[in-house]
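Written below as structure tokens is the structure these notes are about.
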Amino acid sequence: MLTIALASDHAGYALKAQLVDELRAAGHTVLDLGPDSEASVDYPDFGRALGEAVAQGRAERGIAVCGTGIGISIAVNRIAGVRCALVTSGLMARFARDHNDANCIALGSRIIGVETARDCVAEFLSTPFGGGRHTGRVAKLG
């Protein structure tokens, strides 16, 4: 089992809360970095907290959620050592891990439904980094 950090903004709160419950039920350790309601908040604050949790080793993986996934993915990626991929399908999540060694994914709660989000999370958590020809490319990301 993994330690997984989750964070969202107000638009992603409901999906984040559902994923937190499901990941805990599956036996993962979950760091819920907020928010704790649908009250309006600023996604950069929560994206930064998620990126820092992963970069500092407090979590092995991170899942960020906002309305589109775009803003929070940008915020997460501002943290050195974090590779956050915006994904809209399980296939994208699988390639993000296999080819890019993504340690975080971002989901858009207004873009994908809960079943697609579950598929993205399942692929993200179960796919190892492929290494090989991808290792040097990932190293260039810094």
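Readers should treat all values here as calculations from the given coordinates under stated rules, not as data from a laboratory. These figures come from a predicted structure and were not determined experimentally. Positions of Cβ are backbone-derived with ideal geometry, glycine not excepted, and every protein chain shown enters the neighbour counts.
Of all alpha-carbon pairs in segment 3-139, indicate the percentage at a distance above 24 angstrom.
18 percent
Just to confirm my understanding: which cysteines in the chain have no other cysteine beta carbon less than 4.7 Å from their beta carbon?
66, 120
Amide H of residue 2: which non-local residues (sequence gap of 5 or more, or other chain) have their own amide H closer than 5 Å, using H built in the peptide plane?
29
What number, rounded to the nearest 500 deg cm²/dmol, is the helix-based mean residue ellipticity at 222 nm of the chain, given -39500 (n - 2.57) per DSSP H run of at least four residues and division by all its residues?
Result for the chain: -14000 deg cm²/dmol, rounded to the nearest 500.
In the chain, if the dipole is taken from +1 on Lys/Arg beta carbons and -1 on Asp/Glu beta carbons about the Cα centre, which of 55, 142, 44 is farthest to the positive end?
Toward the positive end, the furthest listed residue is 142.
Please go through segment 44-142 and write out the chymotrypsin sites (Phe, Trp or Tyr not before Pro) that DSSP classes as loop and that have at most 16 other C-beta atoms within 10 Å. All intermediate terms of the calculation are to be shown ahead of the outcome.
Working: sites: 46, 95, 124, 129; in loops: 129.
Sparse-neighbourhood loop chymotrypsin sites (Phe, Trp or Tyr not before Pro): 129.
Compute the acute angle (0 to 90°) between the alpha-carbon long axis of helix 13-25 and the principal axis of greatest extent of the alpha-carbon atoms of the chain; round to the nearest 10°.
So the inclination is approximately 60 degrees.
What is the distance in Å between the Cα centres of segment 16-75 and segment 89-131?
Their Cα centres are 14 Å away from one another.
Taking 1 over the mean of 1/r across every pair of different Cα atoms in segment 65-120, what Kirkwood radius in Å do you get?
Values: mean 1/r = 0.0906 Å⁻¹.
Kirkwood hydrodynamic radius for segment 65-120: 11.0 Å.
Please compute the contact order of the chain in relative form: average sequence separation of alpha-carbon pairs under 8 Å and at least six residues apart, divided by the residue count, as a percent.
23 percent
Please state the charge dipole magnitude for the chain, taken about the Cα centre, from unit charges on C-beta atoms (+1 on K and R, -1 on D and E), reported in debye and rounded to the nearest 20.
The calculated dipole for the chain is roughly 620 debye.
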